[in-house]
Amino acid sequence: METLHKIGRRKTAVARVYLSDGEGNITINNKDLKDYFTTGTLQYKVNQPFALTETTGTYDVKVNVYGGGITGQAEAIRLALSRALVEIDEENRLVLKPEGLMTRDPRMVERKKFGQKKARKKFQFSKR
């Protein structure tokens, strides 16, 4: 199998995933998974597509991710990995789709409006 390239997005984070045959090494921005995502929750999110499809340790993953925060980046990587696994084997869709891993989360930060403190918060109103 040659290298497979997929893109995942979440909020303002963009993850480019390169999947190839290997022994389960995950490299994110030239760092190991455990060095880049230090909390177990984020590591679990990245490994979730492999755990659900029972392909843990069969692919090497190289990821370039930028933008957003660490949670958005982890979820962007998760979406890209899910898309790659579905392209490898269409049967994986039946496992990943009910878990919500094939859906791009459209929620973005609402923009700040002029004349207001934030997107919805207003400046304090003084009657007198």
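The values are calculated or read from the model by the stated rules, or taken from the named source; none is laboratory data. Here the structure is a predicted model, which is why all the values come from computation and not from measurement. FYI the Cβ positions are ideal-geometry reconstructions off the backbone, even for glycines, and counts take in every protein chain you see.
Data overview
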quantity	calculated
Single residue of R107, R93, R78 found to be in a loop (DSSP other than H, G, I, E, B) and either surrounded by 11 or more Cβ atoms within 10 Å (Cβ to Cβ) or not hydrophobic (A, V, I, L, M, F, W, C) (or both)	R107
Residues located in segment 97-128, provided they are over 29 Å from R9 (Cβ atoms) and either touching a Ser or Thr at 6+ places or on another chain (Cβ under 9 Å) or among the charged types (D, E, K, R) (or both)	K122, K127, R128
Failed item, numbered, when Y66 is tested on (1) modelled with pLDDT under 95; (2) surrounded by fewer than 14 Cβ atoms within 10 Å (Cβ to Cβ)	(1)
Meets criteria (of a type in the set (A, V, I, L, M), buried (at least 18 other Cβ atoms within 10 Å of the Cβ) and either at pLDDT 95 or above or not in a helix (DSSP H, G or I) (or both)) for L101	yes
Long-range neighbours under 6 Å by Cβ, at least six apart or interchain, first residue polar (S, T, N, Q) within segment 43-69, second at pLDDT below 95 and not in a helix (DSSP H, G or I)	Q43/F37
Residue match in segment 41-64 (condition: in a strand (DSSP E or B) and farther than 24 Å from V95 by Cα)	yes
